[in-house]
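Written out below as structure tokens is the structure these notes cover.
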Amino acid sequence: MHIHQFDAVVVGAGGAGMMAALYASRGARTAVISKLYPTRSHTGTAQGGIGASLGNLEEDRWEWHAFDTVKGGDYLSDQNAAKVLAQEAIEAVIELEWMGLPFDRNDDGTISQRRFGGHTNNETKKPVRRACHSADRTGHMILQTLYQNCIKENVNFFDEFHAVDLIMNGDRPAGVVAVSIDTGELHIFHAKAITFATGGWGRMWSTTSNAHTLTGDGPAMFWRNGLPLQDMEFFQFHPTGLYPLGVLITEGVRGEGGVLINDRGERFMERYAPTIKDLASRDVVSRAIYLEVREKRGIKGKEYVYMDVRPETVNRYLAEAGESRRIDADYVRAKLPDIMDFCKIYAGVDPVESPIPIAPTAHYAMGGIPTNIHAQVIRDGKETVIPGLYAAGEVACVSVHGANRLGTNSLTDLIVFGRKAGQQMADYCRHADFVPLPDNPAGAIEAELERIRSSKGKQRPYDIRKKLRSEMMDKVGVFRQEDMMAEALETIRQLKEDYRNDLAVDDQGRRFNTDLLEAWELGCLLDIAEVTAACALERKESRGAHSREDYPKRDDVNYLAHTMVYPEGDGLRIAYDRPVDLSLGHEPKERVY
Ligand SMILES: Cc1cc2nc3c(=O)[nH]c(=O)nc-3n(C[C@H](O)[C@H](O)[C@H](O)COP(=O)(O)OP(=O)(O)OC[C@H]3O[C@@H](n4cnc5c(N)ncnc54)[C@H](O)[C@@H]3O)c2cc1C
């Protein structure tokens, strides 16, 4: 057993993890553990932009950004968190620029900004240009910039180390257990302060924009250590996944003027969101597409619609809206180079010549590990902090995104709250001591990995995973109903039994045993899926991304509160015991777009 000691350990090397590590490293000896090589983290695939009310092209204010975030989140966003996000976004983007991030520029040298869903001028209600971008590779640029800066600050990277357990000593965090993927050996990282930044879990659904590695390891490790999770029923389906694969086609396409079209050639969002149309929030647009498909207005009667960014279409609608701007094919190619490639490679479509086939795709976890606005993990609805434990990025539930995240707000979240986690860790390490490691800190996880490695049942992880993903897609997806979700929950529990008692893993070796680690990841997906389905079943209202056909209205009397879900014995307990912060004074209203 290898034992390492660092003041601060960060699990995850995406935007949130590296921002946390960068700031922690300025005051503490810091290590980053990542199952992927850092620059392969999912942040690198983020396309459209990072939101900040710089107001470079037209008037914008942080107050509008905060309100749009709260409204987009269907009033489940904590307003103190939305305020921090919107205010600090401005400085965070400038900081990235100074670190060397090559943003697209306006003629006057300022950072270029474009429109994105739900971002508006609160006075005129029209879309506002708030998304700062580097072509359609914004996340890639963020990740490269942060990695280079971490290297400069001598952050210690443990690449291709797969964390498998959080070590708690009583109610205090003491470290992390990780498997070196190369050798298969277990390593213990003893630390004073730990940040989890492990990203999302979109692989729980069969159509997803998420990378293979997004399997909810972080929340599963917390859950298995008796810690609660928050708002797990809220999972966003992005409206424009390339049909049928689900590969993401950024909202930036609509930000540049692209429109959604049904089989009759209608721009159907005019009916669902008369003011903001194709740039309504994602939950609204995803539902509209499903309804069009249900009414047999999908293209050729199938389960998709078109997104049209051909210059002649865009220019026609720009003229109709009385805008002087016009675009041509070269402009589309320059602003959306990766999208052009994805469409050609995966769908054989050139977007400047033909419309793009799209359908909703599982995209983003609004819920996760509960934290306060300082990125400190809390253990209950009374805001009790767990000293030394932090979470940031998609895995965390601050909760700034509430019931539905606005586009570009995740990248902002990573930078703003990743930085907070880093600052907190550095401060904490200055005065805190190491919590001693408990006896045999890796014993339980070692036994579990051995069980998986030597399992000789009949069910392959691939088959269990496939069943889980289609069950979640069909029954805990964009539209939800009591009986369907109850069925899903039963199936998940059966799959958990199979996983426990009838698993078959081929590779019994030690080195690069990805068979073993993928099976372990499946266990995480199963645990988190059970929590998701149970929380979705319990919340009897429709809010943001959680849309119930049997309870179609939002119910602020009974459900204007965060869902806290606590592990209890072999089961779970759900409580709405964390109130929503309304400190900006935005009382819940009906959302009109
Ligand atoms: C295709 C796509 C496009 C997007 N576009 C945008 C956009 O334009 N704007 C926007 O705001 N948002 C966008 N998003 C959302 C946003 O990119 C993500 O929410 C965000 O990047 C997540 O960052 P993160 O740092 O939390 O985690 P990630 O970047 O996902 O990184 C997770 C890290 O955790 C590590 N990890 C996970 N589990 C373990 C483990 N068990 N052991 C060790 N390491 C582990 C991984 O190795 C990785 O380094 C997009 C998402 C996708 C999928």
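The values are calculated or read from the model by the stated rules, or taken from the named source; none is laboratory data. Model, not experiment: these values are computed from the prediction. Ideal geometry is used to build each Cβ from the backbone, glycine not excepted, and the neighbour counts take in all protein chains shown. In case anyone asks, the SASA skips ligands and DNA or RNA and just uses the protein heavy atoms, side chains included. Shrake-Rupley method; radii C 1.70, N 1.55, O 1.52, S 1.80 Å.
Quick one: work out the % antiparallel among DSSP beta bridges in the chain, nearest 5.
Bridges in the chain are about 65 percent antiparallel.
If I fit a long axis through the Cα atoms of helix 514-538 and take the longest principal axis of the Cα atoms of the chain, what angle between them do I get, 0 to 90°, rounded to 10?
The two axes meet at around 60 degrees.
Give me the angle, in degrees from 0 to 90, between the Cα long axis of helix 282-294 and the longest principal axis of the Cα atoms of the chain, rounded to the nearest 10.
Between the helix axis and the principal axis of the chain, the angle is about 70 degrees.
From Cα pairs below 8 angstrom and at least 6 apart in sequence, can you work out the relative contact order of the stretch 144-258, rounded to a whole percent?
Reported as a whole number, the value is 15 percent.
Taking the Cα centre of the stretch 275-356 as origin and charging only Cβ (+1 Lys, Arg; -1 Asp, Glu), how large is the dipole, in debye to the nearest 20?
So the magnitude is around 280 debye.
Translational diffusion coefficient, Stokes-Einstein: compute it for the stretch 173-313 using the Kirkwood radius over C-alpha pairs as Rh, at 20 °C and 1.002 mPa s, and state it as an integer in µm² s⁻¹.
118 µm²/s
Of Trp62, Trp520, which has the most accessible area and how do the rest follow, probe 1.4 Å?
In descending accessible area the options line up as Trp62, Trp520.
Between the stretch 301-320 and the stretch 29-95, what's the alpha-carbon centroid distance in Å?
29 Å
Could you state how much accessible area Ile151 has, in square angstrom rounded to the nearest 10, with a 1.4 Å probe and all protein chains kept in place?
That residue has around 90 Å² of solvent-accessible surface.
Leaving out ligands, DNA and RNA, what percent of the accessible area of the stretch 1-103 is carbon and sulfur, probe 1.4 Å?
Solvent-exposed carbon and sulfur of the stretch 1-103 make up 49 percent of the total.
To the nearest 10 degrees, how steep is helix 337-347 against the longest Cα principal axis of the chain, on a 0 to 90 scale?
80 degrees
Do any trypsin sites (Lys or Arg not before Pro) in the stretch 162-266 lie in a DSSP loop with no more than 16 other beta carbon atoms within 10 Å, and if so, which?
Counting only loop positions with at most 16 other Cβ atoms within 10 Å, the trypsin sites (Lys or Arg not before Pro) in the stretch 162-266 are Arg264.
Please state the charge dipole magnitude for the chain, taken about the Cα centre, from unit charges on C-beta atoms (+1 on K and R, -1 on D and E), reported in debye and rounded to the nearest 20.
Dipole magnitude for the chain comes out near 600 debye.
If you average 1/r over all unlike Cα pairs in the stretch 325-477 and invert the result, what Kirkwood radius do you get in angstrom?
20.7 Å
Using DSSP to call loops (not H, G, I, E or B), can you name the GluC sites (Glu not before Pro) in the stretch 18-127 whose Cβ has at most 14 other Cβ atoms within 10 angstrom?
Counting only loop positions with at most 14 other Cβ atoms within 10 Å, the GluC sites (Glu not before Pro) in the stretch 18-127 are Glu58, Glu59, Glu123.
Looking at this model, which pairs from Lys296/Lys466; Lys126/Lys277; Lys302/Lys475; Lys152/Lys420; Lys35/Lys458; Lys71/Lys125 are more than 22 angstrom apart at the alpha-carbon?
Exceeds cut-off: Lys296/Lys466; Lys35/Lys458.
Show that you can apply the helix-only estimate: for the chain, add -39,500 (n - 2.57) for every DSSP H stretch of four or more residues, divide by all residues, and state [θ] at 222 nm to the nearest 500.
The helix-only estimate for the chain comes to -11000 deg cm²/dmol at 222 nm.
What is the mean projected area of the alpha carbon convex hull for the chain, to one decimal in square nanometres?
Across all orientations, the chain yields a mean hull projection of 24.7 nm².
Give the residue list of GluC sites (Glu not before Pro) in the stretch 486-593 that are DSSP loop and have at most 14 other beta-carbon atoms within 10 angstrom.
In loop regions of the stretch 486-593 (DSSP not H, G, I, E or B), the sparsely surrounded GluC sites (Glu not before Pro) are Glu549, Glu590.
About its Cα centre, what dipole magnitude does the stretch 105-151 give when the only charges are +1 on Lys and Arg Cβ and -1 on Asp and Glu Cβ, stated in debye to the nearest 20?
The calculation lands at about 220 debye.
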